[in-house]
Structures are given as structure tokens and as C-alpha cells.
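The values are calculated or read from the model by the stated rules, or taken from the named source; none is laboratory data. Keep in mind the model is a prediction, meaning the values are calculated, not measured. Every residue, glycine among them, receives a Cβ derived from its backbone with ideal geometry; neighbour counts consider all protein chains shown.
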């Protein structure tokens with residue numbers, strides 16, 4: 001794939017409406033290992049399938065970590081740009097998705113070093129649909145105040161539904177550490193929400 005030109009997802013909208021090469025039906029059904037092998041050989045259709053499968057969750061992670069739709073889009077694009085540029089170095093000793101999330105996490109950490117995270121302007125996925133608007137705002141505010149490491153684990157586990165066995169490699173920590181950080185993150189969230197409710 002020629003990365004000197006604009007990447008195929010750059011004008012694609014938030015959830016990956018790719019308008020250049022649409023992968024054929026057979027390509028879309030391939031397993032991830034085969035898609036990775038085809039992508040290494042420059043198959044743009046396979047790259048697009050991988051992008052479609054993972055871009056939504058990468059965007060969700062980035063948005064909840066940065067609180068900025070624009071920054072989240074930039075992180076998604078940078079994540080896939082780096083992943084496809086270095087796909088030949090993927091050793092396959094873990095899943096492609098774990099490797100990809102590791103890149104995304106590193107991109108959000110790079111972002112955090114340069115800019116202060118803001119409270120996410122999105123509803124938490126687990127919040128009831130009929131939840132009071134004030135409760136939603138409190139959730140968003142509490143999430144934005146979590147230490148960055150706690151927020152990473154909470155978003156990956158509670159929002160994106162990843163298992164600790166996947167979160168550990170993605171964050172470069174042990175599964176036990178992931179469990180511990182999730183417990184502390186949830187406790188911090190509960191405390192902040194309780195304080196907020198008491199102050200209202």
C-alpha cells in the first residue's frame with residue numbers, strides 16, 4: 001500500500017465508511033490471520049476489512065480517553081497508519097487485535113503527554129438509556145477525573161468488553177494488575193459519584 005498518498009480511511013467518517021476499494025464478500029469472511037497475511041502482501045481489500053472490524057472500538061477507546069472527537073479521529077488514523085506500515089514486524093505471538101490495541105493505547109498516551117485530557121463528551125455505554133441527563137454528566141465527569149491508567153483499564157473492560165487476558169498485553173501489564181486497576185477505578189468512580197450526589 002502506498003502511504004505517500006492520503007490513507008484510504010482519511011475521508012471515511014467516524015465508523016469507517018471506506019469509499020475507495022470495497023472488499024469483496026469472500027475477503028470480508030476471511031479469518032484474521034489470513035487477512036493479516038494478505039495485508040502484509042499489500043492487499044488493500046484485506047486492510048479495509050481489518051479497519052472495518054476494529055476502527056469502531058479504537059475510536060471508542062480514543063474518544064473516552066481524550067474527550068475529543070477530533071483527537072479521537074486522529075488517533076484512529078495514526079493507529080492504522082502505523083499498524084499497516086509495521087505489519088511485517090507483527091510476530092503473531094499474540095492476536096492482531098491485541099497488537100493493534102497496544103498501538104492505539106500508545107497513541108493515546110503520546111497524546112496525553114502533550115495535552116490534558118478533558119471529560120468525555122459521550123455517554124458511558126453501560127448507562128441506562130433512560131438515565132437522567134444529570135447522572136450521565138456525572139458519569140462523564142467522573143471518568144474524566146480518573147487517573148489515566150485507571151481510565152484505560154475501565155474503558156477497555158467495562159466499555160469495550162475486553163477480557164483481562166487481552167487488556168494486560170495491550171497495556172503492557174499483567175492480567176492481575178489489570179484486575180487490580182479495574183477494582184480501584186470502579187471504587188474511585190463510585191466515590192466520585194457519591195460525592196457528586198451528596199453535593200447536589
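Among the residues of the range 159-169, are any at pLDDT below 90, surrounded by 15 or more Cβ atoms within 10 Å (Cβ to Cβ) and either closer than 29 Å to residue 194 by Cα or assigned by TED's automatic domain parsing to the domain that holds residue 185 (or both)? Checked against the condition, which is being at pLDDT below 90, surrounded by 15 or more Cβ atoms within 10 Å (Cβ to Cβ) and either closer than 29 Å to residue 194 by Cα or assigned by TED's automatic domain parsing to the domain that holds residue 185 (or both), the range 159-169 yields at least one hit. Restricting 71, 24 to those that are at pLDDT 55 or above and under 30 Å from residue 145 (Cα atoms) reduces the list to 71. Exactly one residue among 56, 88 is more than 12 Å from the chain's Cα centre (by Cα), surrounded by fewer than 20 Cβ atoms within 10 Å (Cβ to Cβ) and part of a helix (DSSP H, G or I), and that residue is 88.
Condition check ((1) at pLDDT below 90; (2) surrounded by 17 or more Cβ atoms within 10 Å (Cβ to Cβ); (3) under 21 Å from the mean Cα position of the chain (by Cα); (4) more than 16 Å from residue 155 (Cβ to Cβ)) across all residues:
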site	(1), (2), (3), (4)
3	yes, no, no, yes
38	no, yes, no, yes
49	no, yes, yes, yes
61	no, yes, yes, no
96	no, yes, yes, yes
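Across the range 99-113, the number of residues qualifying as surrounded by 14 or more Cβ atoms within 10 Å (Cβ to Cβ) and modelled with pLDDT under 90 comes to 1.
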